[in-house]
Structures are given as structure tokens and as C-alpha cells.
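The values are calculated or read from the model by the stated rules, or taken from the named source; none is laboratory data. The shown structure was predicted, so the numbers you read here are calculated from the model rather than taken from an experiment. Here Cβ is always computed from backbone atoms with ideal geometry, including for glycine, and neighbour counts include all displayed protein chains.
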Ligand SMILES: C[S@@+](CC[C@H](N)C(=O)[O-])C[C@H]1O[C@@H](n2cnc3c(N)ncnc32)[C@H](O)[C@@H]1O
């Protein structure tokens, strides 16, 4: 796995810390090598990188997992994808991987952030087979009722529902188990569910500042491996099941530190 080099923008370290104008989705975009962020996002990202380097590595591991999972699914012949909580577009995006394998396939992106929608729609404007819908995973029935999503589901053919680094923004009070059950139920037989999720039961190494981590996780709900596995219900896991994301079908040898990054990934199939 290659960790992108993140170059802090100019400014004293003490000034980088407090950037209320930074935006979580754009800081993530900066972490994974995107160019959708502003100076404030790069500053906040650089601060987090200095204080909690494994958080940056975990986000990059998440994005690499997402690409490997979509590539693996495309190799199984899956050509329909719903990517919920898709984030700002950063290449290789789901549609780039999926539609290059199957040019007549379909990819529907969904995010609740209108700024993500604007960027994604601009990118896919002339891409046959790719669409974006604004939606909230906490209202899965509404999301499934959107015409672009309904068209995939109603095709009767397998669909991959991708929930990469989004369920950890959903608190228990919003019933993530119920949400994933609604999504699983709607998918045609032979469909797949892809989930990545910040781990609550993998310790962060000492090189990460605890306060920075807890601030970064203020609006996040890390979960255990068992809780993440439960999101797949009775779907059949693709080996090796739910594992630290770096360990899911790694493309190259991974180091011990990478193997222990606190983010899970898994893929399972509806029988
Ligand atoms: C960390 S990014 C993940 C982006 C991409 N899936 C990835 O793994 O690289 C999380 C995205 O989830 C979106 N998000 C957060 N809560 C959401 C919700 N309730 N419904 C839909 N999207 C949501 C955010 O706007 C953000 O773009």
C-alpha cells in the first residue's frame, strides 16, 4: 500500500490546529489525494496527519479497499453499483473502475452533501451509465425510491451496494442495523454488500495523539468487528470476511503496521 505524501500548507503548527472553517468530507478528500479541498481543509488535514498519522493511513487504506472491492466485483461480472456516501470524487472513482470493465454498466452515486453532488455531477456529466442522487442513508426507503436507484434494483440483476466509510457516521439512535436490513432486503438475489467502517476494537498505536483522535471521532461511531459483520445479515461472506481493510484481497504485501490499521472492510453476497 502506498501512503500518499501529504505536504502541510505554510503556517505555524499552532495555527493549523484550529480551523473551524475546515469541512470533514473535504479533509478526507485531502487525505486520499483529492483536490476538492480549500486551504482550511489542507491545514486541518495536515494537523491531523502530524498528530495522528495512522488516521491518515486508515483513510487511505479505506479508499484502496474500496477500489479493490469494486475491481473484484467487476471481475465477478457485477456491472451495477449503488455507492452511498460516495464523497467528493477522487480517481479512481467507482464509475471509472466499473464502467471500464463493463461500459454498458450503471453506477449511481449518493451522498447527503450538496457540494459532493455538485462536484460529482460535473465530473460525470458526459458519462453514460453514471448518475448522482442526493440522499440520506438514514432514510433508506426514500433513497431506494429515487428513480435512478429504483431502475437498478428493478432490473432483477445483481447490484453491488457500496457503503464505504459511511456507516460510522450513523449513530445507534438512527438504527444502522435497520438501515442495512432495508437495503439488503431491496437488493436482487446475487447482489453484494460492501462495507468499510472505523474499528472500535483495534487499538491505535502510541504514535497517535489521543485527543486528536477523539476530536476526529466526535461525529463518528467506531464499531467492533462483530457489529460490522452484523450489517451483512444473512449474506454469505466473500473470504476472508470482515477484516482490517488492508487485509482484504491485498494487491501487494502489507506491513505489520498497515495490517493493524483500525478500519474494517468486508464484502458479502445475497444468496
Ligand atoms: C469519509 S467519506 C467516504 C467517501 C467514500 N465512500 C470513500 O470511502 O472513499 C463519507 C461520506 O459520507 C457522506 N455521508 C455522511 N453521512 C451520510 C448520510 N447519512 N447519508 C449519505 N451520505 C452520508 C459524507 O457526506 C461523505 O461524503
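Residue 213 satisfies every condition listed in (1) surrounded by fewer than 23 Cβ atoms within 10 Å (Cβ to Cβ); (2) within 15 Å of the ligand (Cβ to nearest atom); (3) part of a helix (DSSP H, G or I) except (2).
Number of residues in the stretch 94-116 that are surrounded by fewer than 24 Cβ atoms within 10 Å (Cβ to Cβ) and either in contact with a strand residue (DSSP E or B) (Cβ under 6 Å, 6 or more places away or on another chain) or touching a residue at least 24 places away in the same chain (Cβ under 8 Å) (or both): the value is 12. No other residue among 82, 137 is assigned to a strand (DSSP E or B), at pLDDT 95 or above and touching a strand residue (DSSP E or B) at 6+ places or on another chain (Cβ under 6 Å) apart from 82. Just to verify a result, which residue in the stretch 85-109, among those that are within 27 Å of residue 261 (Cα to Cα) and in a helix (DSSP H, G or I), is nearest to the ligand (Cβ to nearest atom)? Result: 94.
For (1) in contact with a strand residue (DSSP E or B) (Cβ under 9 Å, 6 or more places away or on another chain); (2) within 19 Å of residue 178 (Cβ to Cβ), each residue gets a yes or a no:
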site: 199; (1), (2): yes, no
site: 206; (1), (2): no, no
site: 209; (1), (2): no, no
site: 216; (1), (2): no, no
site: 226; (1), (2): no, yes
site: 240; (1), (2): yes, no
site: 248; (1), (2): yes, no
site: 251; (1), (2): no, no
site: 256; (1), (2): no, no
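Of the residues making up the stretch 179-210, those that are in a helix (DSSP H, G or I) and without any contact (Cβ under 8 Å) to a residue 12 or more places away in the chain are 185, 210.
Per-residue answers, yes or no, for (1) crowded, with 17+ Cβ neighbours inside 10 Å; (2) modelled with pLDDT under 95:
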{"residue": "153", "(1), (2)": "yes, yes"}
{"residue": "158", "(1), (2)": "yes, no"}
{"residue": "194", "(1), (2)": "yes, no"}
{"residue": "200", "(1), (2)": "yes, no"}
{"residue": "218", "(1), (2)": "no, yes"}
{"residue": "234", "(1), (2)": "no, no"}
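For the stretch 113-127, the candidate set comprises residues that are outside any helix (DSSP H, G or I) and touching a helix residue (DSSP H, G or I) at 6+ places or on another chain (Cβ under 8 Å); within that set, the residue that is farthest from residue 195 (Cα to Cα) is 127.
Restricting 123, 55 to those that are modelled with pLDDT of 95 or more and within 15 Å of the ligand (Cβ to nearest atom) reduces the list to 123. Number of residues in the stretch 144-182 that are touching a helix residue (DSSP H, G or I) at 6+ places or on another chain (Cβ under 6 Å), within 12 Å of the ligand (Cβ to nearest atom) and farther than 22 Å from residue 63 by Cα: the value is 1.
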